[in-house]
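Taking it in order: structure first as structure tokens, then the write-up.
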Amino acid sequence: MAFVDMNNEVDQELEHFIQDWHHDKKSHEIAQQMGRLFFDFIDGLENAKLSSATVRKHLDNCWAIGFLECQYGYHEKFSIKRFEHGDAMHEYEFRRKFSDSDYAMKSYASTWKKLAQFVKTYNSEKIE
């Protein structure tokens, strides 16, 4: 597991972001790696000068994706390949846990697509 420095503001933010995702040491490690990927993704969106509302919506969707991946994804280890395809996963669970509105579902799918585009250019060494 990567060292977490709780005196470091970024590590504190990451731990706060993923706190509801994991239930043991192994899932905590996966959640940390996924959270780092999502933070880098959101940083990229902010650097692309998207509106703060759009960035916030993608951040909220990333939280939901991370939660659903950790709760329903059945992972033995983190793999960036889960995010390369761009098709929204866990739609049934998203509808049940978060929202079944057309707007929310389109937004969730949009985040998956943007995340896939980001992953294609992402340096996987950052999360290994």
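The values are calculated or read from the model by the stated rules, or taken from the named source; none is laboratory data. Everything numeric here is computed off the predicted structure, so don't read it as measured data. Methodologically, a virtual Cβ is constructed for each residue, glycine included, from the backbone with ideal geometry; neighbour enumeration extends over all protein chains shown. With ligands, DNA and RNA removed, areas are computed over all heavy atoms of the protein, side chains included. Shrake-Rupley method; radii C 1.70, N 1.55, O 1.52, S 1.80 Å.
Between a first residue in the range 9-26 that is under 17 Å from Leu37 (Cβ atoms) and a second residue that is outside any helix (DSSP H, G or I), which pairs have beta carbons less than 8 Å apart while being 6 or more apart in sequence or on different chains?
Pairs found: Asp11/Val4; Asp11/Asp5; Leu14/Val4; Glu15/Val4; Glu15/Met6.
Whether any residue in the range 51-59 is modelled with pLDDT of 90 or more, more than 14 Å from the chain's Cα centre (by Cα) and assigned to a loop (DSSP other than H, G, I, E, B) is what I want to check.
Yes, some residue in the range 51-59 is modelled with pLDDT of 90 or more, more than 14 Å from the chain's Cα centre (by Cα) and assigned to a loop (DSSP other than H, G, I, E, B).
Looking only at residues in the range 101-128 that are surrounded by 12 or more Cβ atoms within 10 Å (Cβ to Cβ) and not in a helix (DSSP H, G or I), which one is modelled with the highest pLDDT?
Ranking the candidates gives Tyr122 first.
Filter the range 42-70 for residues that are of a type in the set (Asp, Glu) and farther than 16 Å from Glu93 by Cβ; which is least open to solvent (accessible area, probe 1.4 Å)?
Asp43
Pairs under 7 Å by beta carbon, first residue free of Cβ contacts under 8 Å to residues at least 24 places away in the same chain in the range 54-68, partner open to solvent by less than 50 Å² (accessible area, probe 1.4 Å) and assigned to a helix (DSSP H, G or I), six or more apart or different chains?
These pairs meet every condition: Val55/Ile42; Val55/Leu45; Leu59/Ile42.
Mind telling me which of the residues Phe94, Phe39 ends up being of a type in the set (Phe, Trp, Tyr) and open to solvent by less than 30 Å² (accessible area, probe 1.4 Å)?
When all the criteria are applied, what remains is Phe94.
Of the numbered conditions (1) in a helix (DSSP H, G or I); (2) open to solvent by 40 Å² or more (accessible area, probe 1.4 Å); (3) modelled with pLDDT under 95, Asp11 satisfies every one except a single condition; which is it?
(2)
Any residue in the range 87-115 that is at positive phi sitting within a Cβ distance under 8 Å of a residue that is open to solvent by 40 Å² or more (accessible area, probe 1.4 Å) and of a type in the set (Phe, Trp, Tyr)? List the pairs, counting only those 6 or more apart or interchain.
Once the first residue is at positive phi and sits in the range 87-115, its partners that are open to solvent by 40 Å² or more (accessible area, probe 1.4 Å) and of a type in the set (Phe, Trp, Tyr) give His90/Tyr72.
Given the criteria on the phi > 0 side of the Ramachandran plot, open to solvent by less than 20 Å² (accessible area, probe 1.4 Å), at pLDDT below 95 and out of contact with any strand residue (DSSP E or B) (no Cβ under 7 Å at 6 or more places or on another chain), does Gly73 qualify?
No, not satisfied.
Can you tell me which condition Phe78 does not meet? The list is (1) open to solvent by 50 Å² or more (accessible area, probe 1.4 Å); (2) assigned to a loop (DSSP other than H, G, I, E, B); (3) closer than 20 Å to Phe17 by Cβ, and all the others hold.
The one condition Phe78 does not meet is (1).
For the subset of the range 81-91 comprising residues that are closer than 18 Å to Tyr122 by Cα and open to solvent by less than 40 Å² (accessible area, probe 1.4 Å), which member is nearest to the chain's Cα centre (by Cα)?
Phe83
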